[in-house]
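Computed from the coordinates by the stated procedures, all read-outs in this text should not be read as laboratory data. The structure presented is a predicted model; accordingly, all values stated were derived computationally and were not measured. Counting neighbours? That spans all protein chains shown, and the Cβs are built from the backbone with ideal geometry, glycine included.
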């Protein structure tokens, strides 16, 4: 028989507080309403919370559970005891060794850190693409926008926007939706030539340092270009 | 909060607030007749439930109001905005390798969409849109479903606008040319 586990309260890796696992009544409201219940065999939100409360933190951290759970918060919204399930499960993601984070979340986070966007698109390629798409917009047959171009690094613009790197990478025409709206509204807007990424994978990969760096970059760009308004990333 | 000073320095807007302002103030005009089909709105967890939990407010009402300015016929999914089901691709799941789990998760969303009878689903989130448009549609029967659009795509497709004046175009071209020269951008055949 396995030896009983003794819980070392001082050295818990996921802190216990009344808002975290320890307040759980084990009612199962979370597990009943969770679309991910049992998608990882043997796991659901209640079991994961109970495991953490009972000292089996490492089992949860090592399991697929905190990653198949989408952190949607339906459990927490319904929990009668106010247990912070989202924060608890995201903490499990933080505690996963970085080289064991499911691909490509950590890779993309580091790519963003090093090159300013999750997919490593070089500035020259980005600027050329924006210029090219601008010409297409002017000449568009269905909705022509004569006079349109993408204002890059425009000092003193009203609004600065970020870009989801999947769009310049794979779906460039999708950027035109916002651009047509800005054209119609005659908005004074701009995009930064560097660090323009709007997706923050540090949030998902459990990397608070890079999460913060990415938010800081949006602010740095806004300050450098002296804009008035930040349209926060979708 | 990491950068509380940012809220003093800048106006910080969500896409919903910006679109609502454009429509309310008449800066953009929309033509509802372009989208007569039955339409439903998906609420991304981050804009709905998680905003409510974190900030005590959510964007679901603005999200619906914007769509209502573009569409004649709207229908709600069961469970309402705050108990809405995640599309299955949230939290980075669209990018992660657990495809089987992501699809099994998304079955709940596909069922919700099917029950509305809607042809058009509006998703104000890149992940949700990709999951519904490229994921769920491949695996599940979603009834009358035909297409998914971003909220801003719907707005862009509904726009009724006049091209700029000659003077505005001239000014924009001069600014553009100066920018291209500064950045060393040269376009072929142009």
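Key figures for this structure:
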{"item": "Neighbouring partner chain Cβ atoms per residue of A:180-192, average, 10 Å criterion", "result": "5"}
{"item": "Gap separating the Cα centres of the stretch B:36-64 and the stretch A:1-61, nearest whole Å", "result": "30 Å"}
{"item": "Among A:32, A:205, A:192: highest mean-square fluctuation, GNM of chain A, C-alpha pairs under 10 Å", "result": "A:32"}
{"item": "Helical contribution to [θ] at 222 nm, DSSP H n ≥ 4, -39,500 (n - 2.57), averaged over chain A, rounded to 500", "result": "-12000 deg cm²/dmol"}
{"item": "Three-way shape call for the stretch A:133-231 based on the alpha-carbon gyration tensor, with the a/c threshold at 1.5", "result": "oblate"}
{"item": "Most mobile of B:158, B:63, B:51 in a GNM of chain B (Cα contacts under 10 Å)", "result": "B:51"}
{"item": "Prolate/oblate/rounded call for chain B, Cα gyration tensor, a/c under 1.5 rounded", "result": "prolate"}
{"item": "MRE, 222 nm, helices only [DSSP H, n ≥ 4, -39500 (n - 2.57), over chain B, to nearest 500]", "result": "-12000 deg cm²/dmol"}
{"item": "Crossing angle, helix A:176-185 versus chain A [Cα axis fit, 0-90 degrees, rounded to tens]", "result": "60 degrees"}
{"item": "For the stretch A:75-132 and the stretch B:121-190, distance of Cα centres in Å", "result": "24 Å"}
{"item": "Helix axis angle, A:208-224 relative to chain A longest principal axis, alpha carbon, degrees", "result": "20 degrees"}
{"item": "In degrees, nearest ten, helix A:123-138 long axis to first principal axis of chain A (Cα)", "result": "60 degrees"}
{"item": "Tensor-based shape of the stretch A:9-96 (alpha-carbon gyration tensor, a/c under 1.5 rounded, otherwise prolate or oblate)", "result": "oblate"}
{"item": "Pairwise label distance in nanometres, residue A:132 with residue A:97, each label 7 Å out on the Cα-Cβ vector", "result": "4.2 nm"}
{"item": "Number of partner chain Cβ atoms within 10 Å, mean per residue of B:122-131", "result": "2"}
{"item": "10 Å Cβ neighbours from other chains, averaged over peptide B:151-159", "result": "5"}
{"item": "GNM result for chain B, Cα springs below 10 Å: residue of B:168, B:76, B:119 fluctuating most strongly", "result": "B:168"}
